[in-house]
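In what follows, a structure is listed as structure tokens, so that the remarks can point back to it.
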Amino acid sequence: MTRPSGTPALALLQARGVAHTVHTYAIDEPSGAAAHRGERTPYGVAAAAALGVSPARLFKTLVLVLEGGSAGGELVLAVVPSDATLSERAVAQAFGAKRAELASEAQVQRATGSVPGGVSPIAGRKVMRTLIDTSAEGLATLFVSAGRRGLAVELAPTDLLAACSGIYASIAVK
């Protein structure tokens with residue numbers, strides 16, 4: 001049987017027999033006068049609209065670099081609702097580091113093989129410790145990137161937690 005996307009995330013879910021649904025979507029970029037003014041829609045919010053789901057159910061995966069402490073220089077993942085802002089301070093505290101800051105696009109691509117907006121918390125190129133915002137706990141299902149832009153996977157939060165060996169932490173600010 002062929003996998004619809006061929007991404008490592010979907011291959012892992014299928015191999016483990018995890019119940020999930022694959023969704024594809026396309027985002028309309030601003031055009032005309034809006035494009036001329038340089039307007040942009042935040043990617044996660046636009047993806048949620050394209051999928052027809054609340055931005056609180058579509059989680060974005062961010063790559064951060066820890067500084068200080070025993071984890072200095074380590075890359076980690078933070079998974080938060082697409083309409084929320086990440087608390088870098090909360091991520092640093094959760095991992096026992098002095099600071100955490102977003103990784104550069106080059107670091108993201110080297111570590112994950114994906115561009116921002118396409119990073120999956122599941123089956124990345126490199127194993128990274130992962131935090132999932134506690135808001136996921138109350139959801140029946142949530143959506144995360146399946147490993148490339150325009151492709152999302154819907155699954156239960158507990159299945160996501162197990163698939164990425166993550167832990168819950170309060171890391172999002174609405």
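Read-outs throughout are calculated quantities, based only on the coordinates presented, and are distinct from any laboratory measurement. In this text the structure is predicted, and so the values were computed from the model without any measurement. With ideal geometry, Cβ positions are generated from the backbone for all residues, glycine too; neighbour counts draw on all protein chains shown.
At a glance:
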{"item": "Estimated inter-spin distance, K98 and S165, nm [label 7 Å along Cα→Cβ]", "result": "2.8"}
{"item": "Farthest toward positive dipole pole in the chain [+1 Lys/Arg, -1 Asp/Glu at C-beta], among A156, Q107, Y168", "result": "Q107"}
{"item": "Rh (Kirkwood; distinct C-alpha pairs) - the chain, Å", "result": "16.4"}
{"item": "Packing-based ranking, highest mean first, of 98-109, 56-67 given that Cβ atoms within 10 Å are counted", "result": "56-67, 98-109"}
{"item": "A11 versus E67: modelled label distance in nm, points set 7 Å from Cα along the beta carbon direction", "result": "3.6"}
